[in-house]
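First up is the structure itself, then whatever we jot down about it.
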Amino acid sequence: IALELSGGGAPNASLLLDTVNWTPGAPFEADGTLTLADWRAGSASIAANELGIGFVVQPQGGGRIDLRGPTHITGPLGDGEVRALVATLDLGVQWGNGWRVTPNSGCLPIRLGGIDAAGLSFANGDFSLCPLNGALIAADANENLSGGFSIRSLGLNGRMSGPEGQPAR
């Protein structure tokens with residue numbers, strides 16, 4: 001099954017399902033790839049050239065989507081910006097009586113081309129986002145948010161900036 005989406009302000013996206021499995025009363029299951037072309041809004045962009053995707057939808061409601069592969073993000077961050085951030089996804093999104101986003105294998109590795117924020121400028125960094133309380137973000141059936149993340153294995157190269165981006169003295 002191939003689905004294509006474009007136009008109307010939506011990103012150019014394609015979903016190719018290699019396998020689909022369903023019988024009445026059983027979960028709907030599918031696996032394939034998702035491509036999200038360079039989607040832009042102002043100076044922000046996101047792209048995923050080929051994400052592995054798998055999902056299961058239970059007949060009584062609820063389900064899970066798994067995403068695997070690199071996602072590229074660039075854009076504003078407060079008064080600064082993030083450049084060439086690559087999040088190597090391996091995470092699950094579950095729903096049913098609330099929802100939650102969790103890494104499938106511990107932490108999510110992140111690489112940075114650069115980030116400018118709060119008078120600091122960093123280039124060529126990397127770190128891991130690790131979930132707190134079992135989820136990066138979650139909501140229960142009453143829409144109470146929980147989760148969070150800690151940053152581990154932080155490695156950044158950078159400098160402090162003075163007014164108007166000049167090096168601090």
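The values are calculated or read from the model by the stated rules, or taken from the named source; none is laboratory data. Since the structure is predicted, the reported quantities are computational estimates derived from the model, not experimental observations. Note: areas computed on protein heavy atoms with side chains; ligands, DNA, RNA excluded. Shrake-Rupley method; radii C 1.70, N 1.55, O 1.52, S 1.80 Å.
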* Structure fact -> Averaged per residue, the 1.4 Å probe accessible area of the chain, protein heavy atoms only, in Å², is roughly 61 Å²
* Would you check the accessible area of residue 29, probe 1.4 Å, heavy atoms only, in square angstrom rounded to 10? => 80 Å²
* **Debye intensity ratio in log₁₀ form over the Cα atoms of region 55-169, taken at each q of 0.23 Å⁻¹** => -1.24
* Roughly to the nearest percent, how much of the accessible area of the chain is carbon and sulfur, given a 1.4 Å probe? -> 56 percent
